[in-house]
Amino acid sequence: MLKQILSGGSMCALLLTGSLSAQAQTQTPPSRPQPQQAPQVQVPPAELQKFAKTIKQLQAVQQQAQTAIVQVVQREGLSEARFVQIYQAQQNPQAQPKPAVTSQEKQKFAKAFTQAGQIQQQTQSKMQQVVQQQGLEVQRFNQILTVVKQDPTLREKVLQLMNTPS
């Protein structure tokens, strides 16, 4: 639920990898071909294997971060739903939650949000390390991620690799 809060920063593409499986299962192929936005990037099988293994590890890192953020929010005395309502109200002042946000809730939110930001920074660092430990550069990982998101066949191949025991 707090995934939208984690999606900021230079590693945004990495943080979105947790939705790869869900996207693959819910997206239907477009009825008409879409124009190519960039030249096709070739992904050798060995590199695709590294990518799939990296995705699995990144999902675990992301899950740990989400759990830590939920715990921070709860420790501050807010529910996940209320935290998200306050966050959305800050992003869009016309969409004020009901009941109105109290000054005490604002203080709790500020503390939780600061701690969540620290967790996000630590998570981004861990994610960069995971990518590099698998023998990929972050820029190359993001290139492959873009290609995988655009190519249903390649996306299916990645999902198969992710479900194959290492």
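Okay, residues lined up against (1) surrounded by 17 or more Cβ atoms within 10 Å (Cβ to Cβ); (2) under 14 Å from Glu47 (Cα atoms); (3) at pLDDT below 95:
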residue	(1), (2), (3)
Lys98	no, no, yes
Gln115	yes, no, no
Ile119	yes, no, no
Gln122	no, no, no
Output for region 78-95, where each listed residue is farther than 22 Å from Thr123 by Cβ and either in contact with a Cys (Cβ under 9 Å, 6 or more places away or on another chain) or surrounded by 13 or more Cβ atoms within 10 Å (Cβ to Cβ) (or both): Arg82, Gln85, Ala89
Looking at (1) over 30 Å from Leu48 (Cα atoms); (2) under 21 Å from the mean Cα position of the chain (by Cα), which one does Ile119 not meet, given that it meets all the others? (1)
Qualifying residues in region 133-143 (those that are in contact (Cβ under 8 Å) with a residue 40 or more places away in the chain and in a loop (DSSP other than H, G, I, E, B)) - the one nearest to Gln59 (Cα to Cα): Gln134
The condition from (1) out of contact with any Phe, Trp or Tyr (no Cβ under 9 Å at 6 or more places or on another chain); (2) in contact (Cβ under 8 Å) with a residue 12 or more places away in the chain; (3) small (Gly, Ala, Ser) that Ala112 misses is numbered (1)
Listed residues Val84, Val73, Val61; which is touching a Phe, Trp or Tyr at 6+ places or on another chain (Cβ under 8 Å) and β-branched (Val, Ile, Thr)? Val73
Whether any residue in region 101-113 is surrounded by 17 or more Cβ atoms within 10 Å (Cβ to Cβ), within 30 Å of Ile55 (Cα to Cα) and either charged (D, E, K, R) or at pLDDT 95 or above (or both) is what I want to check. yes
Can you go through Thr123, Thr153, Thr146 and tell me which one is among the hydroxyl-bearing types (Ser, Thr, Tyr), in a helix (DSSP H, G or I) and free of Cβ contacts under 8 Å to residues at least 12 places away in the same chain? Thr153
Those residues that are among the hydroxyl-bearing types (Ser, Thr, Tyr) and either crowded, with 16+ Cβ neighbours inside 10 Å or touching a Cys at 6+ places or on another chain (Cβ under 7 Å) (or both), I need them from region 39-77; list them, please. Thr54
Would you mind stating whether Thr153 is at pLDDT below 95 and under 30 Å from Leu48 (Cβ atoms)? yes
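The values are calculated or read from the model by the stated rules, or taken from the named source; none is laboratory data. All figures in this text were calculated on a predicted structure; none of them were measured in a lab. Here the Cβ is made from the backbone with ideal geometry for all residues, glycine too, and neighbour counts use every protein chain on show.
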